[in-house]
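Take a look at the structure set out below.
Rule-based calculations on the coordinates, nothing more; no lab input. As the structure is a prediction and not an experimental result, all values here were calculated from the model. Please note: Cβ atoms are built from the backbone with ideal geometry, for glycine as well, and neighbour counts cover all protein chains shown.
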Amino acid sequence: MRSRVLAAAYLLDCLAGDPEWFPHPVRLIGKCIHQGEKSLRRIGPGPWYDFTAGSLLAGGLTVSSGLFTYWVLRQAYRKHRSLGMCADISLAWTCLATRSLLEEASNVIDALEAGDLTQARSRVSRIVGRDTQNLDATEISRAVIETLAESLCDGIIAPMFYLALCGVPTAMAYKTINTLDSMIGHRDDRYIYFGRAAARLDDIANFLPSRLTALLIGVSSLFMQPQTLHSSLTTWLRDGGKHASPNAGQSESAMAGALQVCLGGTNTYCGEAASTNYLGAEFKPPSIPAARSAMRLTAIASLLGFAAACVFIHASKHD
């Protein structure tokens, strides 16, 4: 059954993406995080309190989302098997983001290819956290490539990994961890203690999927430029640990090697410059064609990840 749920969810994701009208659970999770933070911060101040309160929010919401999803599915299956399958597939669909990621990236690249930097800056601001108002075509291309590499893990491979491993409740718990990290897992003054548990949970949850993603990027390069497989794998093994994140650097370095472009450098957040190590420092700067190639690599890696997840389900006899 799990392979059928995954197959239907993946097909829905590829065909429909993330339509605005669909009630996406991540929006509800985001509201719960916001309200939880607002309530917990009223009770007490100080680093120790912030860390404890943030840990309770991260742990409690992650467990609650998994248990609540399990309860919803159980009730649906009790009503009728078809209703349970529909609920299973619908929730699994919301965990995946192949089409929406590729569409957002394509919108940016289309604007770059049309020479419309203003539009490209506006569109790339939808998918990155860095300041975009002064980025040139090279930096916008780098932003797109880095986002594709990181989101390939967060939005596609990791959710499929957890869907194949334990089903929709575990995948929804992962999406909660990922949303917590994006909302409160920052290192600024406001969240350095409150968001520490969320950030560490995200590091743990993405440890295996990020490395699987890097491997899939390397294998995917065989379908485009077979000679870049070696540079993808060697750049990954050499530079994967140079990123500030223990996981983001895995897929980004593999992507840098597969495209033979240099990623990393200086980004600006709310006017504050932050420098990161270069990944694939020996390669040329990112370009618009390289960003377009990154899209194709992402699509291939997504398909390979889906195939691997289906093989894993059948091999482990979950059906």
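Please list, by residue number, every one of the chymotrypsin sites (Phe, Trp or Tyr not before Pro) in segment 9-75 that is coil in DSSP and has at most 15 other beta-carbon atoms within 10 Å. If you can, show how the numbers build up before the last one.
On the way: sites: Tyr10, Trp21, Trp48, Tyr49, Phe51, Phe68, Tyr70, Trp71; in loops: Trp21.
Counting only loop positions with at most 15 other Cβ atoms within 10 Å, the chymotrypsin sites (Phe, Trp or Tyr not before Pro) in segment 9-75 are Trp21.
Quick one: grab the alpha carbon gyration tensor of segment 119-180, order the square roots of its eigenvalues as a ≥ b ≥ c, and give me rounded if a/c is under 1.5, else prolate or oblate depending on whether a/b is larger than b/c. Working shown, then result.
Values: a/c = 4.37, a/b = 2.73, b/c = 1.60.
The shape class here is prolate.
Once you've got the GNM for the chain with C-alpha springs shorter than 10 Å, pick whichever of Met160, Met255, Met183 has the biggest mean-square fluctuation.
Met183
Give me the dipole magnitude in Debye, nearest 20, for segment 2-315 about the Cα centre, with unit charges on the beta carbon: positive for Lys and Arg, negative for Asp and Glu.
Details: 28 positive and 26 negative charges, 228 e Å.
Computed charge dipole of segment 2-315: roughly 1100 debye.
For a footprinting-style exposure proxy, rank Val168, Val72 by other Cβ within 10 Å, fewest first. Walk me through the numbers on the way to the answer.
On the way: Val168 28, Val72 18.
Ranked by crowding around the Cβ, least crowded first: Val72, Val168.
Considering the dipole of the chain built from charges on the beta carbon (Lys and Arg +1, Asp and Glu -1) around the Cα centre, which of Tyr191, Leu237, Val26 is farthest to its positive end?
Among Tyr191, Leu237, Val26, the one farthest towards the positive end of the dipole of the chain is Val26.
So how far, in whole Å, is the C-alpha centre of segment 105-168 from the one of segment 245-319?
Value for the Cα centre distance between the two parts: 11 Å.
Connecting C-alpha atoms closer than 10 Å in a GNM of the chain, tell me which of Ala76, Ala214, Ala256 has the biggest fluctuation.
Looking only at Ala76, Ala214, Ala256, the largest GNM fluctuation is found for Ala76.
Can you list which of the DSSP-assigned H helices in the chain have a Cα extent of 27 Å or more along the long axis and an average Kyte-Doolittle score of at least 0.0?
Within the chain the helices that satisfy the rule are 47-79, 288-315.
Among Val261, Val26, Val108, which one shows the highest mean-square fluctuation when the chain is modelled as a Gaussian network with alpha-carbon springs under 10 Å?
In the Gaussian network model the winner is Val26.
Which order results if Lys175, Lys242, Lys38 are arranged by neighbouring Cβ count within 10 Å, fewest first? Intermediate results must be reported in sequence, preceding the final value.
Values: Lys175 29, Lys242 15, Lys38 9.
By the 10 Å Cβ count, ascending, the order reads Lys38, Lys242, Lys175.
Please report Phe223, Phe194 as a ranked list, fewest other C-beta atoms within 10 angstrom at the top and most at the bottom. Could the numbers behind the result be given before it?
Details: Phe223 13, Phe194 24.
So the ranking, lowest neighbour count to highest, is Phe223, Phe194.
In debye to the nearest 20, how big a dipole does segment 137-256 give about its Cα centre with +1 on each Lys and Arg Cβ and -1 on each Asp and Glu Cβ? List each step's numbers first, then the result.
Values: 9 positive and 11 negative charges, 44 e Å.
I would put it at about 200 debye.
Once you mark the GluC sites (Glu not before Pro) that are in a DSSP loop and have at most 12 other Cβ atoms within 10 Å, what is the longest gap between them in the chain? All intermediate terms of the calculation are to be shown ahead of the outcome.
Values: sites that count: Glu20, Glu282.
Here the longest run is 21-281.
How big, in percent, is the set of alpha carbon pairs in the chain lying more than 31 Å apart? Walk me through the intermediate numbers first.
Working: 16051 of 50721 pairs.
Roughly 32 percent, rounded to a whole number.
Given axes a ≥ b ≥ c from the Cα gyration tensor, I'd like to know whether segment 100-212 is rounded (a/c under 1.5), prolate (a/b larger than b/c) or oblate. Don't jump to the answer; show the numbers that get you there.
Working: a/c = 2.86, a/b = 1.56, b/c = 1.84.
It is oblate, given that a/c is not under 1.5 and a/b is not larger than b/c.
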